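Data first, discussion second: the structure below is written as structure tokens.
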Amino acid sequence: MIQPAMPKSWYAPTKPHKFCPGCGHGIALKALGEAIDELNIQNRTVFGCDIGCSLLAWNFFAVDSTQTHHGRTTPVMVGIKRSRPDLLCVGYMGDGGGYSIGSQHLLNSAIRDEKVTLILINNTNYAMTGGQLAPTTLPGQKTETTPYGRDVTKTGYPTKGPEMLAAITADGAYIARATVAKYRQLRTFMKRALQNQMEGNGFSFLEVLSTCPTNWRTNAAQTWDFLEDQMEAYFPVGELKSPFGKGEK
Amino acid sequence: MVEKPITGSRKAFMTGNEIVTWAALASGADIMFGYPITPQNEVMHYWTRLAPRFGREFLQTEDEISAGFTVCGAVQAGRKAFTATAGPGNVLMQEPFGMAEAMRLPVVAVIQQRGGPSSGTVVYSQQEVTLTAYGGNGEGHRIVYSVATHQEIFDYVIKAFNTAWTYRFPTFVLGDGYQAKMREPLELYDPAERGIQLVPPTPLVGLPGAIGEDREPQHLCNIYSLEEELYDAVLRLEKDYQAMAPLVVEWQEKNCDHAELIVVSHGVVSRAADDAVQALRQEGVRAGFFRPVTLRPFPQQQLREALRRSGAGRLLVAESSQGQLLRLLRQELYGERVPIDALLMPGVGIVDEDIIAKVKSIL
Amino acid sequence: MAKLTRVALAGEGGQGVQVVAEIIAEAAYDEGKQAIYIPNFGLEQRGGVSVAFIQVSDTRIGAPKFHTGDVVVALSSRAVRRTHQYSGPQTLYVYDSSFELSPQDYPPQAKQVLGIPALERSKAIHPRVFNIIVMGLVVGLTGIVSYDALKQALDKKLGYKFEKNPALRDMNYQALDAGIEMAREALKGGEFAHAE
């Protein structure tokens, strides 16, 4: 059987990885791995993750990696970057970690224009804890804590992270949203989010629309429909802010 | 070549917060992360004025959670980093302090206790003993120095960095609002001048060498899939902690010979206790003085030994809290039959007259 | 002078009591004495009652705070109420008699209560040097530090202002002397003194 080539920056002893079948994390992490390879930065990248499904990436890469509590990846990466500006710090988190419990860190690191790259996986729910409401849960979407569907009059509307961050960041920031459904674009955005840190232009943030068939309780076709139709309709994909020229849609 | 913050030694008359800054500079601290809370603010004020002169860094974070976690990041990157906080800030920092325990991160934090619970006062207390020694969802694998004088603030901040980087447990200098804000004479010195070797920091991430060729990648983690894995990890922490304890434990003992009663106190209250015991001795009252300098690890054997040697039939605990030191004492002296009296004054200062009166009411 | 002297100085935030305490403590330190100065603020940055605790001794000082002072100085009616607790049977209690104080506002315990119109006196020099008059007063009443050490500490603290405006130096010295003189008069049982 022919296996697709693994990025060099992946850590082979921990493969196959532990994400559920159909989960989008593996695709996002492949794009990140290929971007690291392409930019030849494996030896000076520090990868950080928190608890939540992103945790399962703690030993995913053959790069120095560290793990912390929910939402706290951002300050840990900031602490490392401020101490060792020569290192490339990549924080990897879920929508709960970034937009809810760690939102103050995300917001303030963006405002301070911290020279880190933060990657946030948006799968519209808290997956590792069993599928509860997330800041990104779509209106009407059922979760374990919104069993009758998200009622926006009670829990508000889904967080549009990149839109918010684009509004508050300085020129030089890179802010984009990609989807695991468009791999080539995802890889390009991933590379730019890293390159922006390498060039010291500013804060870099990439939200990745991803899938969670386990908690969505969807089959393959339904999973893909939800991602491509419903999620993309609410969360438009593209570059919202880029020092690399006109934003790509 | 950046100049040394302190060359030789010199006398000074300054606030405790200013001393923290000078001591951190002398310790070779590279970076401070902090968030404003009274009564520690002036640590940041002095640091931000002095640090750039010596090539050191500062970041005011969005909250104390972030201040704690940025310190955790910085020490992983191999920099001597520290923070200072108090009260509700100390509560928020328990999350990163727990991570530091789990991952053996040499985090240094100065705690200037204020009144509690909750917002309490911005003034003074000794109510952060339990929190600092045993906060978090772990087992209290921390080192806590409770300082009493301005000279000690300087000495123990320097010591805290060395202890932290030697044993890799989070290390605290526990002060209070009085010590933070008051001025008192002391001597500042270059540690090298006193024969104190500064322990160099070592990184955990961003290591030299090509991954896969020269070395394996670092995969640092503080979460475990299996309860047995966690059990083993905690036992390792406990084993290392117990092995370290006798090497870092510190205490002070005075006038305990032939004492009928020993006054136990820590931090700034021990100054009043010391004076009270001396005054009582002059009046012929056989009082003794014992002060744990490290609250974690606690000088348990030393206190038991002092009890035995003195033959003292009573202990008196004096503290500016409703029994936080008292609880430690009961736990550490389990099995001793000695009755323990207590002078508990949560959130307010204790002076020698208070202790003298209490001792006289007992004996 | 007693071996250990304890002073509590209280005023409205902005009256400069902390600066006074700092200069006195600094002067004591410069003279080679042991000194502790501890500020006690309310929550307000401005406008609360601000208390400074000073202790000067020839030997090591224990607790940084004390229950009752040898001298307690209160510079406003709120400060008087706030400092009752620091006045004991051995305390010389001083208040600024520029404002009205009814007898029931007197501290319940004191060895002697003195009203001294420091604020009134400052108007004849410059309202800004009110706290320096108070500084002279405190030192005049306690002998806590020497005149020369106090002057030097004052120079050290405000020297940068004096450089820019030498007239300010004279004004401050004048205020200092005025305070000391008022203390001397009061202790003589002069015009400002009224026994409790």
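Taken together, the values in this text are just the output of simple stated rules run on the coordinates, not laboratory data. Please read these numbers as outputs of a predicted model, since none were measured by experiment. Cβ placement follows ideal geometry from the backbone for every residue including glycine, while neighbour counts extend to all protein chains displayed.
Here the label points at residue B:151 and residue A:39, each 7 Å from Cα along the C-beta direction, are separated by 5.4 nm in the simple model. If R0 is 45 Å, the Cβ-Cβ spacing of residue A:244 and residue A:144 corresponds to a FRET efficiency of close to 0.65. Among B:11-21, A:32-42, sorting by the average number of other beta carbon atoms lying within 10 angstrom of each residue, highest first, gives B:11-21, A:32-42.
Tell me the net charge near residue B:113. Cut-off is 9 Å between Cβ atoms, residue B:113 excluded, with +1 for each Lys or Arg and -1 for each Asp or Glu. Taking every other residue near residue B:113 into account, the sum is -1. Computed from point charges on the beta carbon alone (+1 for Lys and Arg, -1 for Asp and Glu), the dipole magnitude for chain B about its Cα centre is near 780 Debye.
Working note: 222 nm ellipticity from helices only, DSSP H runs with n ≥ 4, each -39,500 (n - 2.57), summed and divided by the residues of chain A, gives -8500 deg cm²/dmol to the nearest 500. Under a 5 Å amide H cut-off, with hydrogens placed 1.01 Å from N, residue B:113 pairs with B:175, B:176, B:177 among residues at least 5 apart or on other chains.
Considering only alpha-carbon pairs that sit under 8 angstrom and 6 or more positions apart, the relative contact order computed for the range C:4-187 is 22 percent.
Peptide packing: for B:40-52, B:221-233, B:204-216, the average count of neighbouring Cβ atoms within 10 Å per residue gives the ranking B:40-52, B:204-216, B:221-233, highest mean first.
Taking a span of 20 Å or more along the helix axis (Cα atoms) and a mean Kyte-Doolittle hydropathy of at least 0.0 as the rule, the DSSP H helices of chain A that qualify are A:25-39.
Placing R0 at 41 angstrom, the Cβ-Cβ distance between residue B:340 and residue C:102 gives a FRET efficiency of 0.30 after rounding to 0.05.
Shown for A:224, A:216: other C-beta atoms within 10 Å of each C-beta, ranked fewest to most, produce the order A:224, A:216. How much net charge surrounds residue C:4 when only other residues with a Cβ under 9 Å from its Cβ are counted (Lys, Arg +1; Asp, Glu -1)? Taking every other residue near residue C:4 into account, the sum is 0.
Peptide C:59-71 shows a mean partner chain C-beta count of 6 within 10 Å per residue C-beta. Quick check on my link table: of B:4/B:181; A:154/A:182; A:15/A:191; C:123/C:161, which ones sit more than 28 Å apart, alpha carbon to alpha carbon? Cα-Cα > 28 Å for A:154/A:182; rest within. Hydrodynamic radius of chain B by the Kirkwood approach over all distinct alpha-carbon pairs: 21.1 Å. Taking the charge dipole of the range B:9-194 about its Cα centre, with +1 at Lys and Arg Cβ atoms and -1 at Asp and Glu Cβ atoms, the residue from B:67, B:34, B:24 reaching farthest to the positive side is B:24. Hey, what angle do you get for helix B:150-167 against the long axis of chain B, alpha-carbon based, 0 to 90 degrees rounded to 10? Compared with the principal axis, the helix lies near 50 degrees. Mean partner shielding of peptide B:174-187, defined as the number of other chain Cβ atoms within 10 Å of each residue Cβ, is 5. Listed peptides A:99-107, C:128-136, C:113-121 appear in the order C:128-136, A:99-107, C:113-121 once ranked by packing, highest mean of other Cβ atoms within 10 Å at the front.
Residues C:57, C:102, C:122, arranged from fewest to most other Cβ atoms within 10 angstrom of their Cβ, appear as C:102, C:57, C:122. Using the Karplus relation 6.51 cos²θ - 1.76 cosθ + 1.60 with θ = phi - 60°, the per-residue 3J(HN,Hα) values for the range B:63-72 come to 6, 6, 4, 5, 4, x, 6, 5, 4, 4 Hz, with x marking Gly and Pro. For the range B:252-362, a simple Cβ point-charge model (Lys and Arg +1, Asp and Glu -1, everything else neutral) yields a dipole of about 340 debye relative to the Cα centre. Placing unit charges on the Cβ atoms only, positive for Lys and Arg and negative for Asp and Glu, gives the range A:187-231 a dipole magnitude near 180 debye about its Cα centre. Of C:65, A:191, B:4, the sequence from fewest to most neighbouring Cβ atoms within 10 angstrom is B:4, A:191, C:65.
Cross-link pairs exceeding 20 Å in C-alpha to C-alpha distance, out of C:33/C:151; A:18/A:81; B:11/C:156; C:151/C:188; C:65/C:156, comprise A:18/A:81; C:151/C:188; C:65/C:156.
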